[in-house]
1. Can you give me the pair-distance distribution of the chain, C-alpha pairs, 20 Å bins, whole percents?
2. What do you get for Rg/Rh over segment 47-170 if you use C-alpha atoms and the Kirkwood form of Rh?
3. Based on the alpha-carbon set only, what is the convex hull volume of segment 150-200 divided per residue, in Å³?
4. State the Kirkwood hydrodynamic radius of segment 85-151 in Å, one decimal place, computed from all pairs of distinct Cα atoms.
5. Nearest 10 degrees, 0 to 90: what angle lies between the long axis of helix 265-278 and the longest principal axis of the chain (Cα atoms)?
6. For helix 108-121, report the angle its Cα long axis makes with the longest principal axis of the Cα atoms of the chain; keep it between 0 and 90° and round to the nearest 10°.
7. From largest to smallest, what semi-axes in whole angstrom does segment 1-88 give when each is the square root of 5 times an eigenvalue of its alpha carbon gyration tensor?
8. Out of the DSSP beta bridges found with both residues in the chain, what percent are antiparallel (nearest 5)?
């Protein structure tokens, strides 16, 4: 039994002369939430389609647990919610979920039971008899997420699950995913451009650009590696503090705080504490800034554009 729930090895996908995915190798461990990020056209959706068996790689191989890609055994383990979902115009919510359950191989009785479970789980019971095609965008996303869970998969692939939603709907979708991960012990691969929200749910980040994986690392390790050494400070006498430190460290004033930027972050902390003690100041704040996923993305993508290197090797 493989220790990875999804494994791609040297996968390439070409469309004519265009290479959408270029020598991609990734491994997803059970029970983790992976953020799959990159600019438009980077290869995210193509990679997901290959995992789902909707596209066949030009080169390379892959497995879902111990099953080759696109085989019945692999598809049984996968649930998928696409960015753009089409619904039958004449089907109600309950009819659609029942139909999808039968397509997944459930018997009629099993399909009815599972449909009712999902209507409850996704708070859709009061909308069960309404036509799905007339639902709001947020409601359609919930139905799409519900259908992805119809056959109790072990791995979920979510392509832009919060795209075009209002903040309340986006948070509701993320909370639902977070709850499913905890209760079902799922592995989730999420493609999203809303990085500020994505970082609240993922354990691991995979960045792709021009078909190449440029970062593949646990989110906390990536943040630690690429952090820029920013320290936010506020004391009872910031002017005096700057008199002592301005010649040695880069800084700028942000409202009432001082924002220091240095690679010598530990030495700066010691210097600040020493000055506060010696000058009898009050230390109101001393906080090292955590590198956000959005800042990490910009930093790595800008470096990739300039250097055209593969940061994955150093992550």
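1. Reading the bins upward from 0: 28, 46, 21, 4.
2. 0.99
3. Taking the convex hull of the Cα positions in segment 150-200, it is 82 Å³ per residue.
4. Kirkwood radius, segment 85-151: 11.5 Å.
5. Taking Cα atoms only, the helix is inclined about 50 degrees.
6. 30 degrees
7. 20, 17, 14
8. Percent antiparallel among DSSP bridges in the chain is about 65.
Every read-out reported here was derived from the displayed coordinates using simple, explicitly stated rules and does not represent laboratory data. Just so we're clear, the structure is a prediction, and the values are computed from it rather than from any experiment. Positions of Cβ are backbone-derived with ideal geometry, glycine not excepted, and every protein chain shown enters the neighbour counts.
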